[in-house]
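Everything below concerns the one structure shown next.
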Amino acid sequence: MDVLPKNDPRLERILITSDEISDRVTSLACEIRAVYGEESDLCIVGILKGASVFMTDLARALCRAGMPGITMVFVRASTYGDTIKETGETVRKVKLDLLGANIRSKNILIVDDILDQGFTLSAIEEKMKQEYPGANIKTCVFLKKNLAHPSDEAAALRRKYQADFTGFEVEDRWVVGYGLDAGECYRELPYIAIANEECFRHG
């Protein structure tokens with residue numbers, strides 16, 4: 001049974017349980033296999049740090065679903081670092097590091113933890129298209145946040161860059177756990193929880 005850490009006011013409640021995550025990753029792998037088939041020559045490109053847990057579980061689920069021989073590559077994308085997204089933020093510069101990746105697969109699946117405003121996913125997708133112009137590139141996100149009041153820039157990006165595969169849609173709140181963090185905290189939680197934003201904005 002999932003429980004929040006005791007005496008921690010920074011977490012409000014559990015949003016998605018570990019059992020729900022496990023079931024959805026399994027079904028998501030089946031959806032991906034239905035698109036690629038068995039002989040996919042698939043390379044999964046995971047975005048550090050947030051997607052590391054999801055990517056690992058997804059790769060195992062894909063193997064169980066009948067897609068063996070998948071290669072795994074990591075990309076480092078820096079947007080927030082140790083800082084927190086500000087209210088009303090319109091744009092963030094994304095720094096990319098392919099970590100020496102030499103992708104030989106014709107099919108590339110970019111895996112990220114969350115589609116929020118879209119800055120990270122759009123930057124990485126454009127970079128991968130430049131680096132591997134002949135590849136079939138698709139995207140998969142664990143969470144898709146339904147933004148309540150996006151900036152014009154974020155709204156435009158979200159219209160242009162929609163993930164091909166999505167695990168869960170969530171409300172416009174800060175979420176942590178299963179690889180996602182708030183100021184580098186809570187990545188280790190086996191579930192998704194809602195964070196109390198004011199606790200992080202005011203230390």
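Where the only charges are on Cβ atoms (+1 Lys, Arg; -1 Asp, Glu), what is the dipole of the chain about its Cα centre, to the nearest 20 debye?
Approximately 460 debye in magnitude.
If neighbour count is taken as other Cβ atoms inside 10 Å, put I137, I192, I16 in order from fewest to most.
Arranged by neighbour count, lowest to highest, I137, I192, I16 become I137, I16, I192.
Total Lys pairs in the chain closer than 20 Å by alpha-carbon, pairs eight or more apart in sequence or interchain only?
Summing the qualifying lysine pairs gives 27.
How large is Rg/Rh for the stretch 3-58, to two decimals, with Cα atoms and a Kirkwood Rh? Before the final figure, lay out each step's value.
Values: Rg = 15.4 Å, Rh = 13.8 Å.
Radius of gyration relative to Kirkwood radius: 1.12.
May I have the extent of the alpha carbons of the chain along their three principal axes, as whole Å values ordered from largest to smallest?
Over the chain, Cα extents along the principal axes are 49, 39, 29 Å.
Cut-off is 10 Å between beta-carbons; in what order do V3, V175 appear when sorted fewest neighbours first?
V3, V175
Within 10 Å of each residue's Cβ, count the other Cβ atoms and sort T120, T166 from fewest upward.
Placing the least packed residue first, the sequence is T166, T120.
Taken together, the values in this text are just the output of simple stated rules run on the coordinates, not laboratory data. No experiment lies behind these values; they were computed from the predicted model shown. Note: ideal-geometry Cβ built from the backbone for every residue, glycine included; neighbour counts use all protein chains shown.
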